[in-house]
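Remarks on the structure that follows.
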Amino acid sequence: MAKVQGAIVVDTETCKGCEVCMPVCLENVIKMSKEVNRKGYHYAYMDKPEACTGCTNCAIVCPDRALSVYRVKVSA
Amino acid sequence: MEVLDIIKPENQVFCKTKLMTDCPLSYCPGCGHGTAHNLTMEVIDEMGISEDTIGVAPVGCSVLAYDFMNIDMTQAAHGRAPAVATAIARTWPEKYVFTYQGDGDLAAIGTAETIHACNRGENIVIIFVNNGIYGMTGGQMAPTTLEGMKSSTSPYGRDIETMGAPLKITELIANLPGVNFVSRQSVHTHKHARKAKKAIRKAFENIKMKKGLSFVEIVSNCNSGWKMTPLESNIWMEKNMFPYFPLGDIKVDGKLK
């Protein structure tokens with residue numbers, strides 16, 4: 001059975017740390033970092049990268065489009 | 001598979017559209033304006049009409065939309081965006097003309113322009129972002145502010161007896177014969193954002209078929225104006241805004257639902 005695996009890349013300088021992407025992530029992959037960017041915002045990062053399915057839910061709700069999503073099919 | 005093996009250009013499934021400039025958005029963190037901007041530009045990009053689209057920016061938080069949207073834009077006096085869009089659409093009937101307005105712009109100062117442009121059935125799209133407050137000027141009460149909602153000019157909450165009931169401008173204009181498509185959407189979750197994108201796409205396709213005016217309302221949060229965090233404001237919006245401003249299509253192909 002084909003399984004998908006995904007990954008997100010966060011533009012840390014664009015991210016404003018609004019956390020809107022966190023509740024829409026069905027796998028709870030995203031968390032906010034302790035570090036801040038140049039504007040002083042905590043930015044999103046992948047806390048559990050192995051669980052990401054590349055569903056693009058986080059990217060479509062991101063007001064600043066700081067996320068880009070990648071997805072590959074892997075055979076289990 | 002390692003994360004670095006996944007992050008390759010051929011595996012990319014989502015990135016920011018080229019029709020948004022690299023200029024950082026001036027909106028507060030978590031504001032629905034950014035999502036609404038991006039969804040609009042993604043629709044224009046997918047339809048391949050960026051060369052033929054002209055946008056009209058309003059006065060309000062989204063006054064700088066012309067800096068963010070990488071298409072031909074102009075900016076109108078407060079509330080007069082539908083009148084400016086009318087002129088552009090009549091001069092260039094083959095162009096796709098849209099206005100992007102907030103609730104203070106469209107439902108207060110520009111009520112006359114909005115209602116008459118809708119009544120004439122101009123071949124334009126109006127994207128209306130309703131957050132129930134004047135965001136840019138400091139959170140004053142807008143026509144769409146809910147009953148009992150506190151704002152800087154209604155510190156004890158909106159009182160219906162003295163200030164009137166919140167204005168349902170979308171239902172009001174849905175009754176006008178020139179309007180072809182009216183829909184109310186939201187962008188705070190992935191499901192709502194995808195539905196909103198479909199509604200915006202249908203609106204722009206109506207221009208192509210010269211069906212008349214299309215109106216898409218997006219119920220949004222204003223976390224700074226409401227004095228909440230973005231997540232709290234989204235929950236508050238679901239609990240309080242959606243019962244008064246129910247989501248869904250209100251008029252499709254000229255027929256009320």
Proximal charge balance of B:Lys198 [Cβ under 14 Å; K/R count +1, D/E count -1]: +3
Please report the buried accessible area for the interface of B with A, total over both chains, probe 1.4 Å, in Å² to the nearest 100. 2700 Å²
Which net charge results for the neighbourhood of A:Cys55, defined as the other residues with beta-carbon distances under 11 angstrom from its beta-carbon, given Lys and Arg at +1 and Asp and Glu at -1? 0
For the stretch B:243-254, Karplus-derived ³J(HN,Hα) couplings (6.51, -1.76, 1.60; θ = phi - 60°; whole Hz; x for glycine and proline) come out as x, 7, 10, x, 7, x, 6, 9, 9, 10, 6, x
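Roll a 1.4 Å probe over the protein chains and send me the accessible area per residue for the protein assembly as shown in Å². Mind showing how you got there, number by number?
On the way: 14630 Å² over 333 residues.
Using a 1.4 Å probe on heavy atoms only, each residue of the protein assembly as shown averages 44 Å².
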Per the beta carbon screen (other Cys under 4.7 Å), unpartnered cysteines of chain A come out as A:Cys15, A:Cys18, A:Cys25, A:Cys52, A:Cys55, A:Cys62
Give me the distance between the Cα centres of the stretch A:1-36 and the stretch B:23-72, rounded to whole Å. 23 Å
Which residues belonging to the stretch B:13-31 lose at least 20 Å² of 1.4 Å-probe accessible area when the assembly is complete, relative to their chain isolated? B:Val13, B:Phe14, B:Lys16, B:Pro24, B:Leu25, B:Pro29, B:Gly30
What FRET efficiency, computed as 1/(1 + (r/R0)^6) with R0 = 45 Å and r the Cβ-Cβ distance, is obtained for B:Ala165 and B:Ala87, rounded to the nearest 0.05? 0.85
Quick one: if you take sqrt(5λ) for each eigenvalue of the C-alpha gyration tensor of the stretch B:28-256, what semi-axes come out, biggest first, whole angstrom? 27, 18, 17
When only DSSP loop residues count, what GluC sites (Glu not before Pro) in the stretch B:1-58 have their Cβ near at most 14 other Cβ atoms within 10 Å? B:Glu2
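Report the percentage of all Cα-Cα pairs in the protein assembly as shown whose separation exceeds 25 Å, rounded to a whole percent.
51 percent
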Based solely on its DSSP helices, what 222 nm [θ] is calculated for chain B when runs of n ≥ 4 H residues each add -39,500 (n - 2.57) and the sum is averaged over all residues, nearest 500 deg cm²/dmol? -9000 deg cm²/dmol
Scan the stretch A:1-71 for trypsin sites (Lys or Arg not before Pro) in coil per DSSP, keeping those whose Cβ has at most 14 other Cβ atoms within 10 Å, and list them by number. A:Arg38, A:Lys39
Summed residue charge, Cβ within 12 Å of A:Lys3's Cβ, Lys/Arg positive, Asp/Glu negative: +1
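What's the carbon and sulfur percent of the protein assembly as shown's accessible surface, probe 1.4 angstrom, rounded to a whole number?
Summing carbon and sulfur atoms, their accessible area is 54 percent of the total for the protein assembly as shown.
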Rounded to one decimal in nm, the spacing of the 7 Å Cα→Cβ label points at B:Glu232 and B:Lys255 is 4.6 nm
If all Cα-Cα distances of the stretch A:2-75 are sorted into 5 Å bins from 0 onward, what percent lands in each bin, rounded to whole numbers? 3, 19, 29, 24, 15, 6, 3, 1, 0
With heavy atoms of protein chains only and a 1.4 Å probe, what residues of the stretch B:177-193 have at least 20 Å² less accessible area in the full set of chains than alone? B:His188, B:His190
Using the structure shown, list the pairs from A:Lys39/B:Lys195; A:Lys3/B:Lys202; B:Lys95/B:Lys168; B:Lys211/B:Lys257; A:Lys34/B:Lys16 with a Cα-Cα distance above 27 Å, or answer none. A:Lys39/B:Lys195; A:Lys3/B:Lys202; B:Lys95/B:Lys168
Please give, to one decimal in nm, the separation of the simple spin-label points placed at B:Ile49 and B:Leu4, each 7 Å out from Cα toward the Cβ. 4.5 nm
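The values are calculated or read from the model by the stated rules, or taken from the named source; none is laboratory data. Because the structure is predicted, anything quoted here is derived from the model rather than measured. All Cβ positions, glycine included, derive from the backbone under ideal geometry; neighbour counts span all protein chains shown. Surface accessibility is based on the protein's heavy atoms, side chains included, excluding ligands, DNA and RNA. Shrake-Rupley method; radii C 1.70, N 1.55, O 1.52, S 1.80 Å.
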